[in-house]
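Just so it is clear, none of the values below were taken in a lab; they were calculated from the coordinates. Remember, it's a predicted structure, so these values are computed and weren't measured experimentally. So basically every Cβ, Gly included, is an ideal-geometry build from the backbone, and we count neighbours across all protein chains shown.
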Amino acid sequence: MQWIIIGVVVGVIVILAIILGMNYNSLVRLRNQTKNAWAQIDVQLKRRHDLIPNLVETVKGYAKYERETLEAVTQARNLAQSAVGKGVGTQAKAESDLSGALSRLLAVVENYPDLKANQNFLALQEELTSTENKISFSRQYYNDAVLGYNNKTQMFPSNIVASMFGFRGGEFFEVEVAAEREAPKVSFS
Amino acid sequence: MWEQIRSNQIRSIVLVVAMGLFLLLLGYGIGVLLFGSGVGGLIIALVVWFIMNLVAYFQGGNIMLSVSGARKIAKDDHPRLYNIVEEMKIASGLERMPDIYIIEDPALNAFATGRDPNHASVAVTSGLLQKLNRDELQGVIAHELSHIKNRDVLLMTICSVLLGTIVLLAWFASRMLIFGSLGGGRSRGSSGGGGYAALIIMIVAIVLMIVAPIAAQLIYFAVSRRREYLADASGALYTRYPEGLASALEKISNSTVELKTANQAYAPMYILNPFRRGGKPATDLTSTHPPISERIRILRSMGGNVSLASYETAYRQVSRSSKGVIPASVVAGASSLTARQAEPVEAEPDRTERTRETSDVMWKLSNYVTAKCECGARLKVPPQYRGDSIKCPHCGRINSLPPRKHQ
């Protein structure tokens with residue numbers, strides 16, 4: 001009789017340990033996935049920061065009277081660059097400001113046919129469009145990853161493991177969609 | 001996303017095991033029929049299967065790419081295509097950037113290949129690059145990358161190897177039965193004492209020889225069609241823009257040009273079945289791809305929601321079937337995701353520009369040098385030409401050529 005009780009107790013402990021281990025491992029996997037996804041966003045944001053001086057230089061040659069728009073872009077870029085590493089929320093805000101400034105610039109460019117025919121500018125524009133896309137796709141992937149990770153930290157039984165080992169979940173990369181959508185409508189034609 | 005892959009794997013394993021059982025049964029039957037030893041037949045079947053697997057595993061993708069005359073491109077060759085693939089790589093969460101190939105062919109098609117996500121490639125035809133705009137191309141690439149992400153390439157390779165082995169064995173055995181009494185004579189001698197039992201086994205084996213290739217083919221088609229729907233659904237999910245893929249499919253289906261080089265075994269990897277007969281809708285059971293009009297209608301009736309669950313609902317509506325196409329476990333967990341709005345892209349080259357751009361890429365990939373003459377003509381200099389300058393055939397000016405490597 002005694003042996004049976006001991007056996008059952010040991011069995012329960014082993015099963016609990018296995019459940020704990022599996023939950024711990026999947027929490028670690030999900031956390032790494034969000035980290036990895038965030039790194040992807042970072043790469044693309046940095047790429048955009050690097051592209052902007054080049055773009056501003058190219059546009060300057062053709063569109064001399066758009067100094068204000070150009071300065072706004074440069075300024076937004078510098079702000080976004082200094083926001084790097086200051087938390088997801090701050091960075092998201094700075095980056096969406098930059099997106100707004102950039103789309104205003106690209107709208108202005110419409111008035112300069114010469115500029116639009118420039119090979120260098122076209123290549124830059126393709127790069128910029130694609131970088132914008134990559135930013136939103138990596139944000140999409142990051143948010144999916146955060147959702148999965150947060151679900152895991154909040155749902156039973158993994159929430160117990162999560163609170164035991166300090167898995168706190170991640171923060172979504174939100175942008176004010178309204179601001180981003182509105183911007184391209186600004187047109188001077 | 002990860003649950004999707006897992007539940008796919010379980011379903012696929014069941015189907016692959018079913019095909020494997022067919023192969024084993026067939027091998028056993030043939031063994032009994034021809035050599036009087038079922039185990040011998042089993043061993044032969046397994047050896048043939050093993051060899052075909054080895055070939056497919058190491059060579060599959062490469063053969064496909066080299067047969068179709070695909071050329072690998074770098075980012076500089078076609079920045080837009082490269083960027084689109086990179087965008088979809090990010091959206092799908094693939095870890096490695098797939099290699100990109102262009103096939104010089106006016107037909108509109110694309111395929112993915114590679115045994116796992118770390119050895120993956122996508123190929124598109126030059127016709128596709130000319131005819132599709134950015135959103136459409138993005139949809140096609142998303143469809144192809146989800147084949148990679150869902151490991152469809154590996155699954156379909158395993159399936160087609162099994163199918164190939166079954167067809168090969170059945171063909172071979174039937175020839176031996178008809179023409180060679182050498183095997184038949186021996187088996188009749190050895191199983192002479194068995195009476196009815198031996199006769200029944202013989203009949204079963206012959207029936208199996210006829211039925212197994214057909215059954216295997218039907219399983220294969222069923223798996224393939226399912227994968228197409230799933231790739232369409234993931235494509236919509238990755239791009240958040242089902243209309244892109246829908247309109248690409250529309251353009252592709254309207255084109256009547258047929259792909260010159262396509263490999264039957266790899267048909268499931270193309271975005272559209274390269275073997276469809278001129279304009280006819282494929283019959284349902286015997287096609288690797290679902291009818292394209294149905295795929296388009298499903299994508300278009302997804303409304304503003306691009307989640308896998310929404311695709312599932314649209315699928316049920318359009319095909320009027322109660323059986324879904326996407327694993328239930330995935331649908332349950334998915335939340336509603338809004339589609340992105342169509343936005344006009346200013347930078348987008350129109351069709352004429354795309355045609356020129358594509359042909360330039362093809363010239364460059366064939367090692368031609370392009371020089372622009374002052375009179376506006378563009379000179380394409382073949383790699384065999386060794387001079388440092390060339391005379392323009394239009395105006396007679398002498399143009400100097402950039403230094404280049406000679407073969």
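Relative contact order of chain A: 33 percent, from C-alpha pairs under 8 Å at least 6 residues apart in sequence. Panel note: the C-alpha atoms of segment B:199-241, placed on their principal axes, show extents of 60, 10, 6 Å (largest first). A Förster radius of 25 Å, combined with the Cβ-Cβ distance separating B:Ser389 from B:Ala74, puts the computed FRET efficiency at roughly 0.35.
The angle between the Cα long axis of helix A:88-109 and the longest principal axis of the Cα atoms of chain A comes to about 30 degrees, rounded to the nearest 10. Ranked for footprinting exposure by Cβ neighbours inside 10 Å, fewest first, A:Tyr24, B:Tyr220 give A:Tyr24, B:Tyr220. A simple spin-label model places the labels of A:Gln119 and B:Arg11 5.0 nm from each other, with each point 7 Å out along Cα-to-Cβ. Modelled spin labels at A:Glu71 and B:Ile398, positioned 7 Å past Cα toward Cβ, are 5.4 nm from each other.
When only the Cβ of Lys, Arg, Asp and Glu is charged (+1, +1, -1, -1), the dipole of segment A:1-153 relative to its Cα centre reaches about 540 debye. Proximity of backbone amide H atoms, modeled 1.01 Å from N, is registered between B:Thr125 and B:Ile103, B:Asn109 at under 5 Å, excluding neighbours fewer than 5 places apart on the same chain.
Which FRET efficiency value, to the nearest 0.05, do you get for A:Met164 and B:Arg96 by plugging their Cβ-Cβ distance into 1/(1 + (r/R0)^6) with R0 = 30 Å? Efficiency at R0 = 30 Å is approximately 0.30.
Within a 10 angstrom radius of the beta carbon, how do B:Arg80, B:Arg356 rank from fewest other beta carbons to most? Spell out each step's value before the answer.
Details: B:Arg80 20, B:Arg356 13.
With the sparsest Cβ surroundings first, the list reads B:Arg356, B:Arg80.
Classify segment A:20-104 as rounded, prolate or oblate from the Cα gyration tensor: take a ≥ b ≥ c as the square roots of its eigenvalues, call it rounded if a/c is under 1.5, otherwise prolate when a/b beats b/c and oblate if not. Provide the component values of the computation, followed by the final result.
Details: a/c = 4.60, a/b = 3.21, b/c = 1.43.
Prolate, because a/c is 1.5 or more and a/b exceeds b/c.
GNM, chain A, Cα, under 10 Å: largest mean-square fluctuation among A:Ile41, A:Ile13, A:Ile135? The residue with the greatest mean-square fluctuation here is A:Ile13. The three principal axes of the C-alpha atoms in chain A carry coordinate ranges of 93, 26, 25 Å, sorted with the longest axis first.
For a Förster distance of 51 Å, can you work out the FRET efficiency between the beta-carbons of A:Lys64 and A:Arg29, rounded to the nearest 0.05? Display every interim value, and only then the final one.
Details: r = 54 Å, r/R0 = 1.06.
E(calc), rounded to 0.05, equals 0.40.
The length gained on full extension between B:Phe35 and B:Val207, counted as 0.36 nm times the residue separation minus their Cα-Cα distance, comes to 60.2 nm. Listed from fewest to most Cβ neighbours within 10 Å, the set B:Ile166, B:Ile201, B:Ile100 follows the order B:Ile201, B:Ile100, B:Ile166.
Taken along the Cα-to-beta-carbon direction at a fixed 7 Å, the label points for B:Tyr57 and B:Glu374 span 6.4 nm. About its Cα centre, the dipole of segment A:1-79 is roughly 80 debye, where the only charges are +1 on Lys and Arg Cβ and -1 on Asp and Glu Cβ.
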